[in-house]
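The values are calculated or read from the model by the stated rules, or taken from the named source; none is laboratory data. A quick note: this is a predicted structure, and the numbers were derived from the prediction, not measured. Because the Cβ atoms are built from the backbone with ideal geometry, glycine has one as well, and the counts that use them run over all protein chains shown. Ligands, DNA and RNA are excluded from the accessible area calculation, which covers all protein heavy atoms including side chains. Shrake-Rupley method; radii C 1.70, N 1.55, O 1.52, S 1.80 Å.
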Amino acid sequence: MSGRRVVVSGATFPRSARHALEAGGLTVETIPGDLDEAGVIEALRGAWGYVLGGSERMSAKAWEQLPGLEVACFMGTGFKTFMEIPDGPSPVRFTYTPHANAFAVAEFALAQTLDLVRSITRTVDGVAAGRWSERATPSLGSVRLGIAGLGHIGRELARMAHAAFGTEIVYWNRSRRPEFDALPYRAVGSLDELFAAADVVSLNFAYEPGGNDAVVGAEQLRALGPDGFLVNVSRRNCSIRSPCGRRSPSGGSPGPPSTATTSSPPRTLPTTPTVCSPSCPSASS
Amino acid sequence: MTPHSAYLSTHAIGRMADMAVANLLAVARGEVPPNEAVAVP
């Protein structure tokens with residue numbers, strides 16, 4: 001296998017994995033994870049393998065310019081956005097790492113959900129600014145969490161919330177899966193029903209261009225209500241239509257397709273690291 | 001909104017890297033990689 005060069009993009013590829021490739025007779029070099037397509041093609045000239053670990057996007061036509069490339073691997077699950085596979089035959093074997101990220105993403109989403117429901121960031125920021133909050137919040141033990149899309153991430157999020165907090169779980173999945181019947185969760189018949197039934201909704205759809213663009217709009221948000229919360233785990237263009245076509249508070253583009261932070265209830269939360277706990281963590285309703 | 005970088009835990013990165021290594025080494029040996037990506041119409 002000597003002479004086979006593997007190019008790895010991005011900064012996250014562990015040293016142990018690099019050593020494993022080298023032990024298999026491959027040579028490894030790394031490139032930045034933010035190159036444009038032309039830059040990646042230039043870096044890949046003469047390479048045998050490619051690990052796409054950055055945020056670059058490779059079109060179907062890019063591979064035609066890389067005659068020596070035999071294998072490409074996307075580090076993640078949703079490869080379609082980053083690694084476009086040609087429709088016809090290709091000398092490149094395309095691979096990916098499905099669902100290895102489910103636990104980590106669900107963990108992050110659960111943290112955001114907890115932050116929203118318990119108003120953690122707002123309370124901590126208020127205390128830091130000298131404002132003492134006596135406002136009671138709901139608790140994850142008393143809210144009903146709606147899981148839209150019970151795939152790998154949705155299932156993991158439901159499992160975590162139910163196991164850790166006893167959270168009641170309702171879910172909607174576009175296809176009926178008999179194996180879900182054994183789970184201690186309640187299925188509803190439609191996305192609208194889910195928004196009506198839940199206090200907090202987590203969107204966990206895999207993006208399918210042209211198939212599930214902007215599936216959530218004003219009617220679902222109204223059903224969720226002014227006290228509801230929405231945690232968007234999906235790619236943003238597959239999930240939320242701007243209810244009023246207004247510019248979002250975070251400065252996003254106005255109008256569809258989608259804003260991540262809606263300007264009317266229910267509330268969503270831009271990602272904010274929480275660095276300390278407030279002095280009133282027990283004030284839940 | 002959950003950012004795309006939400007997957008960035010050392011555990012998840014380690015699992016993904018292990019799977020990437022398995023894919024590449026399988027192809028190097030002339031075998032079918034364990035996680036092949038196929039075009040979806």
Heavy atoms of the protein only, probe of 1.4 Å, neighbouring chains included. What is the accessible area of residue A:159 in Å², nearest 10? 110
Percent relative contact order of region A:102-238, based on C-alpha pairs within less than 8 angstrom and at least six residues apart? 25
Area accessible to solvent at residue B:25, 1.4 Å probe radius, in Å²: 30
I'd like the projected area of region A:5-96, averaged over all directions, using the convex hull of its alpha carbons. Report it in nm² with one decimal. 5.4
Calculate the mean, over all residues of peptide A:145-156, of how many other protein chain Cβ atoms lie within 10 angstrom of the residue's Cβ. 0
Note: region A:135-182, point scatterers on Cα, Debye, no solvent; log10 I/I(0) at q = 0.21, 0.25 Å⁻¹ equals -0.72, -0.93
Region A:102-238 - Kirkwood radius from inverse mean 1/r over Cα pairs (Å): 15.5
Take the alpha-carbon centre of region A:180-225, take the same for region A:31-61, and report the distance between them in whole Å. 36
